[in-house]
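Have a look at the structure below before the remarks.
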Amino acid sequence: MMHEELVGTNKSAAEAVEKLKSMYPGKRIKAVDTAAGVVIMRSPSRPEFAAFRMWQLDDDKSIAASASEKLMRQVVVLPDADTFGLWLEEFPGISSDPDVGKTLRILLGMTKDTSEKKGGPSAKSSDPTTTSPSIAGGSSSAA
């Protein structure tokens, strides 16, 4: 099954997350609703996180400023890399969206996922549906 077939609406995001969990064993999978549409990301590997930290600390301000987008391009699993690239052209601030940042911080292990402690994810949670605050960057694993 192609990733694109998994999400047609925000309502189906939870189902897509569950299906993608089996395609990415050992990874946490989270969905977030953005201005362009639902984006589903996986947790990054340690080397991906290390590269992200290096980008953040780079003396070149343009590299540091794009660290979140670079990480996001690496961990987005839905939509595919080409579609996500088009979304970034139309909505260049996606990686700065507070909900995207919160989702990435949860996937990075930088913050706890409190959405699951109150009887399951809410409509604005980061689990099978959505989240909040900023730290994105990266490419689709379809690359």
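The values are calculated or read from the model by the stated rules, or taken from the named source; none is laboratory data. If you're wondering where the values come from, they're calculated on a predicted model, not measured in any experiment. Ideal geometry is used to build each Cβ from the backbone, glycine not excepted, and the neighbour counts take in all protein chains shown. Heads up: the accessible areas ignore ligands, DNA and RNA and are worked out on the full protein's heavy atoms, side chains in. Shrake-Rupley method; radii C 1.70, N 1.55, O 1.52, S 1.80 Å.
Of the trypsin sites (Lys or Arg not before Pro) found in region 56-119, those that fall in a DSSP loop while having at most 12 other beta-carbon atoms within 10 Å are Lys112. Taking 20 Å as the limit for the C-alpha separation, the pairs Lys70/Lys112; Lys30/Lys70; Lys19/Lys70; Lys27/Lys102; Lys61/Lys102; Lys30/Lys102 exceed it in the case of Lys70/Lys112; Lys19/Lys70; Lys61/Lys102.
What does the C-alpha gyration tensor say about the overall shape of region 49-91? Classify as rounded when a/c is under 1.5, otherwise prolate if a/b is larger than b/c, or oblate.
Cα axes put region 49-91 in the oblate bin.
In the assembled protein chains, Met110 presents an accessible area of approximately 90 Å² (probe radius 1.4 Å). How many nm is it between the label spots at Met110 and Arg53, if each spot is 7 Å from the Cα in line with the beta carbon? Result for the modelled spin labels: 1.2 nm.
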